[in-house]
Structures are given as C-alpha cells and as structure tokens.
Amino acid sequence: MITILKKEINEFLDSLIAYVVIGIFLVGIGLLMWVFPESNVLDYGYASMETLFAMAPYVFMFLIPAITMKAFAEEKRSGTIELLYTLPFTDIEIVIGKFLAGFLLVVFSLLPTLLYYFSLSYLGNPVGNIDTAGIIGSYIGLVLLGGIFTAIGVLSSALTGNQIVSFILAAFLCFVLYIGFESIASINIWLDSSYIIKQVGILAHYETLSKGLIDLSDCIYFFSMIIFFLYLTRIILNVQKG
C-alpha cells in the first residue's frame, strides 16, 4: 500500500497538472477572501475565515476530481491495470493506496491557506482577536469533506477508462451529494421527512463542522461515507477483473 501511495504521489507531482490545479485553487480562494467585493474580509471588517469554508467545497468539486481522475482510468488506458493486479497487493490495499495519495494531495493544497489565518490574526483588533478553536474545527470539517470527495473521485476513476469522463462523473456526484439532497428536501412536499433527506446529504453535516462544532455523529457520517465509496470501488474492481 505504501508503495502505491508513493508511486501515485510521485506521478502526480511529476505532471504539470498538479501545480496548475493546486495553483488555481489557491488563487481562486485568495481572490474570494481578499479581492472580490461582498466576500473579501477587508470589506467585511471582521477577522473571519467564513469565506474560505463556505466557498472551498465548491472549488473542491473541480479540484479533487482533477486530482483523482487518473487513479484507475489512466491504468486502464495504458494497460498497466493488469500488471497492477499481478503485484503482491490486495484489492483493498490498491484502493486505499490510491485514495490516500489523492487525499494527502488535497490536504497539501490546503496547507498554504494557513497563511490566511495568520494574516487575519495579525489584522485583528487587538492582534490575535480571532476564533482559533472555531477555525480548527472548520478545518477538520473541510479535511473530512475532502476525504469524501476523494473517495468519490477514486470510485469514478474505477468506473471508466477515460479521465475526462471520470472527472465529469466525479464532479457531478460530488455536487449531487453535497447540495442535491438539501435542494430536494427544500421542496415543500416532504413534511417531516425533509429533515431525514437533508441528513443523507453532505451539506447538513458539513455546515455543523464548518461552524467549529465537532459532533460525533457528523464525524461518523463522514468516515462512513468514505468507507462506503472505497468499498464500492473494491467491488467494481473485482467485477472488472472477472
């Protein structure tokens, strides 16, 4: 598993797309936080990273599929998937190795945003007047969200041998699971069932964590969803192997 993890990270960092994707993410979030009107913290006048935690999930919907789209799709296209199966790795080790590689790259792309925290802390009045505990909780929520999106991306890559199709499918599934159930629940026909429908989607759980409120049930939801999508990926690989 460690071998696969290192291989995936090295391949990604050796490609130009790695730096382009991460660069676009950081520039986009930076513009939203510091430049664009109605979202930048300078106009808001309050030392808060709410813009980052509100907008990052939508950027993740494109960033993470771009990271994971080649996980299995490229192996199938190049014909190396059969060679991978002959190596002394179990299916679950292969899946987890590729998942961890993508997940670590997502976490790596988030690290530079810590500069925003230190900048806001310095700009606070007085200096350091910022909700550090709440921001830590929000980062935990964002990292867990990245975990689910990465698992979805790995699953999408296992379903096809085309990287573009994998990207589109992963972005679509991330969007539907993040905000789709919330939209369905808002339709005024479900009565008391609307709350249950919301809880199926990601947004309801992420919103709690993004406020810095660490709830065990929300954490269980995120970990369960990650395991579920990785298990589906394993099943798909077994079926494809015949």
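The values are calculated or read from the model by the stated rules, or taken from the named source; none is laboratory data. Note that the structure is a prediction, hence the values are computed from the model and not measured. Because the Cβ atoms are built from the backbone with ideal geometry, glycine has one as well, and the counts that use them run over all protein chains shown.
Only one of the numbered conditions (1) modelled with pLDDT under 85; (2) farther than 19 Å from I140 by Cα is not met by M49, and that is (2). Of F89, F103, all but one fail to be more than 30 Å from P57 (Cβ to Cβ), surrounded by 14 or more Cβ atoms within 10 Å (Cβ to Cβ) and not basic (K, R); the exception is F89.
Every residue, every condition in (1) out of contact with any Phe, Trp or Tyr (no Cβ under 7 Å at 6 or more places or on another chain); (2) at positive phi; (3) touching a residue at least 40 places away in the same chain (Cβ under 8 Å), yes or no:
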| position | (1), (2), (3) |
| --- | --- |
| S156 | yes, no, yes |
| F175 | yes, no, yes |
| I189 | yes, no, no |
| G201 | no, no, no |
| L209 | yes, no, yes |
| L216 | yes, no, no |
| T233 | yes, no, yes |
| I236 | yes, no, yes |
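The residues on offer are L114, L159, L145, and the sole one that is modelled with pLDDT of 85 or more, more than 21 Å from F222 (Cβ to Cβ), surrounded by 15 or more Cβ atoms within 10 Å (Cβ to Cβ) and of a type outside the set (F, W, Y) is L159. Looking only at the stretch 201-213, decide whether some residue is modelled with pLDDT of 90 or more and among the β-branched types (V, I, T). Yes, the stretch 201-213 contains a residue that is modelled with pLDDT of 90 or more and among the β-branched types (V, I, T).
If you go through the stretch 162-200 and pick out every residue that is small (G, A, S) and either surrounded by fewer than 18 Cβ atoms within 10 Å (Cβ to Cβ) or more than 25 Å from A71 (Cα to Cα) (or both), you end up with 6. Entry remark, the stretch 209-230: residues being of a type in the set (A, V, I, L, M), under 17 Å from Y139 (Cα atoms) and in a helix (DSSP H, G or I) number 3 in total.
Looking across I184, I168, I196, one residue alone is within 25 Å of L216 (Cβ to Cβ), assigned to a helix (DSSP H, G or I) and aliphatic (A, V, I, L, M). It is I196.
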